[in-house]
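Have a look at the structure below, then the notes.
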Amino acid sequence: MPLLVMKFGGTSVADLARIENAARKVQAEVERGYDVIVIVSAMSGKTNELVGWVEQTSKLYDAREYDAVVSSGENVTAGLMALRLQEMGIPARSWQGWQVPINTTSAHGAARFVSIPRDNIDAKFAEGFKVAVVAGFQGLSPEGRITTLGRGGSDTTAVAFAAAFGAERCDIYTDVDGVYTTDPRVSPRARKLDKIAFEEMLELASLGAKVLQTRSVELAMRYKVRLRVLSSFEEATDTSGTLVCDEDEIMESKVVSGIAFSRDEAKMTLLKVEDRPGVAAAIFGALADAGVNVDMIVQNISERDDPADKRAYTDMTFSLPTNQVDRAKKAIDEASAAGKFVFADLVTDTDVAKVSVVGIGMRSQVGVAARMFAALAAENVNIKVITTSEIKISVLIDRKYMELAVQALHDTFELEKA
Ligand code: ADP
Ligand code: ASP
Ligand code: MG
């Protein structure tokens, strides 16, 4: 029997009526002759509420209990979806992560898949069941405890099941009708893309476009899963949504395909760091040990204060998520107190945002960075930090200019035009 994976995000299962709407879409695929694995998120807002309850109860919470609490939202929607399908006369069963079992690492709150044995679900399909409804976002650690995969993780559950079961396609139903040139909630001129290359989607996701969890795109790319993003609020046709696919399936490719942004960025600068071999390793080693996710890094040229002083000094700037600033400060203070490096001052700026342009066309085009910087200059937006890779350019700017910058870049690279 051909098999499909259909994933419904939070807004697509937000209440009983939405669950019924989603169930009808599953029914349509069953009637077309598919066995279906349905992956569900928690009802929209539920995971945030659960996370809030954990944080109010315990500031430095035990991550195992965090997972026990926040994974529960998906259990409710999985059961309700199975019941709704049964009411429609479709043989369906719900599955929590441990029942499959979805084996993961024990990194609570950010677990990764280890294996998804097919036997239990295959046996149910063999018995005549048509749909397996699986709770997204969760798994089982080697210690036998519930894990979660990080926010947005149900996308990754969906792709992992599509890979494990050799699904014909993995459909991600959400509240927008596909992947856009940028978040349609920020730019009214954003245009829906019919296709986007895995590499581009991977960059967009990791640079802030939350329409797909980054890890889900990585898995789809590795296991060649046909991945489609579409709206649960519309009737689907064969050409609905956006197909995330191999580069060579895309005929024409623009220099820039999309723009991503991330609001919750902070910038820290260590001033007058005594420069010597090993200083970067000492600073970023301390931050890594403290679990800080450093993103962009800039080191200034080394200078001597006065000729009599043999020591050279440099400034070191890096960006990180806003909610890790306190942790980073603590790590830097402790490491410098232990004599691992010497600096004069630490300056923190928590009002920055990162804006990135992404496109595989950049590989073969020069001058993209210059066009980007000119567009920002024309809007009087000051660039604080720049990083580039083969297919993306990111800048850190004042947060209040983020929307303006996204719009200006969208216009400059003519993304509203097909
Ligand atoms: P779900 O609950 O279905 O998983 P998410 O809220 O996680 O949905 O992801 C969908 C949202 O992603 C959209 O509502 C949109 O605001 C946002 N988004 C960000 N960037 C993009 C983009 N480039 N294309 C489409 N949506 C985007
Ligand atoms: N419910 C989880 C979250 O809100 C997982 C998901 O929806 O993908 O992050
Ligand atoms: Mg999501």
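Just a few scattered comments:
- Annotation: the chain has a Kirkwood hydrodynamic radius of 23.2 angstrom, from the mean reciprocal C-alpha pair distance.
- Accessible surface of SER106 - all protein chains present, 1.4 Å probe, nearest 10 Å²: 50
- Amide N of segment 335-352 lying under 14 Å from the label point, which is placed 7 angstrom from the Cα of ASP305 along Cα→Cβ: 342-345
- Entry note: segment 148-212 has Rg to Rh equal to 0.98, where both radii use alpha-carbon atoms and Rh is the Kirkwood radius.
- Counted over all Cα-Cα pairs of segment 359-411, pairs farther apart than 19 Å make up 24 percent.
- On the basis of the beta-carbon distance and an R0 of 25 Å, GLU235 and MET88 show a calculated FRET efficiency of 0.90.
- Principal axes of segment 70-119: Cα extent on each, largest first, Å: 39, 27, 11
- For segment 287-418, the share of accessible area belonging to carbon and sulfur comes to 47 percent (1.4 Å probe, ligands and nucleic acids excluded).
- Applying the Karplus relation 6.51 cos²θ - 1.76 cosθ + 1.60 with θ = phi - 60° to segment 377-393 yields 3J(HN,Hα) values of 4, 4, 9, 6, 8, 7, 9, 9, 9, 10, 9, 9, 9, 4, 10, 8, 10 Hz, where x marks Gly and Pro.
- Rounded to the nearest whole Hz, the Karplus-based 3J(HN,Hα) values (6.51 cos²θ - 1.76 cosθ + 1.60, θ = phi - 60°) of segment 17-32 follow the sequence 5, 5, 5, 5, 4, 5, 4, 5, 5, 5, 4, 4, 6, 4, 5, 6, with x at glycine and proline.
- Note on ARG327 and GLN56: their simple-model spin labels are 2.4 nm apart, each label 7 Å out from Cα toward Cβ.
- Extension gain for ARG32-ASP175 works out to 49.1 nm (0.36 nm per residue, less the C-alpha to C-alpha distance).
- Most mobile of ALA408, ALA338, ALA63 in a GNM of the chain (Cα contacts under 10 Å): ALA338
- When Rg and Dmax are taken over the Cα atoms of segment 302-379, they come to 18.8, 51 Å.
- In order along segment 291-296, the phi-based Karplus estimate (6.51 cos²θ - 1.76 cosθ + 1.60, θ = phi - 60°) of 3J(HN,Hα) comes to x, 7, 8, 6, 10, 8 Hz; Gly and Pro are listed as x.
- Extension gain for VAL76-ALA418 works out to 119.0 nm (0.36 nm per residue, less the C-alpha to C-alpha distance).
- Value of D in µm² per second that Stokes-Einstein yields for segment 94-251, Kirkwood Rh from Cα pairs, at 10 °C (1.306 mPa s): 97
- Cross-link partners of LYS417 among lysines (Cα-Cα below 25 Å; sequence separation of 8 or more within a chain): LYS192, LYS195, LYS210, LYS254, LYS354, LYS392
- Computed with a 1.4 Å probe over protein heavy atoms only, the accessible surface of the chain comes to 46 Å² per residue.
- For the chain, built as a Gaussian network whose Cα springs stay under 10 Å, the top-fluctuating residue of LEU230, LEU243, LEU60: LEU60
- Between the beta carbons of ARG118 and GLU249, assuming R0 = 30 Å, the FRET efficiency works out to 0.60 to the nearest 0.05.
- Taking the protein heavy atoms of segment 58-187 in the context of the full set of protein chains, the accessible area attributed to carbon and sulfur is 50 percent at 1.4 Å.
- nm² value of the averaged projected area, convex hull over the Cα atoms of segment 98-149: 3.3
- With R₀ fixed at 35 Å, the C-beta to C-beta distance from ALA290 to VAL186 puts the FRET efficiency at about 0.60.
- All Cα pairs of segment 1-95, percent lying beyond 15 Å: 61
The values are calculated or read from the model by the stated rules, or taken from the named source; none is laboratory data. What you see is a predicted model; the values in this text were computed from it and never measured. Neighbour counts run over all protein chains shown; Cβ positions are idealised from the backbone, glycine included. With ligands, DNA and RNA removed, areas are computed over all heavy atoms of the protein, side chains included. Shrake-Rupley method; radii C 1.70, N 1.55, O 1.52, S 1.80 Å.
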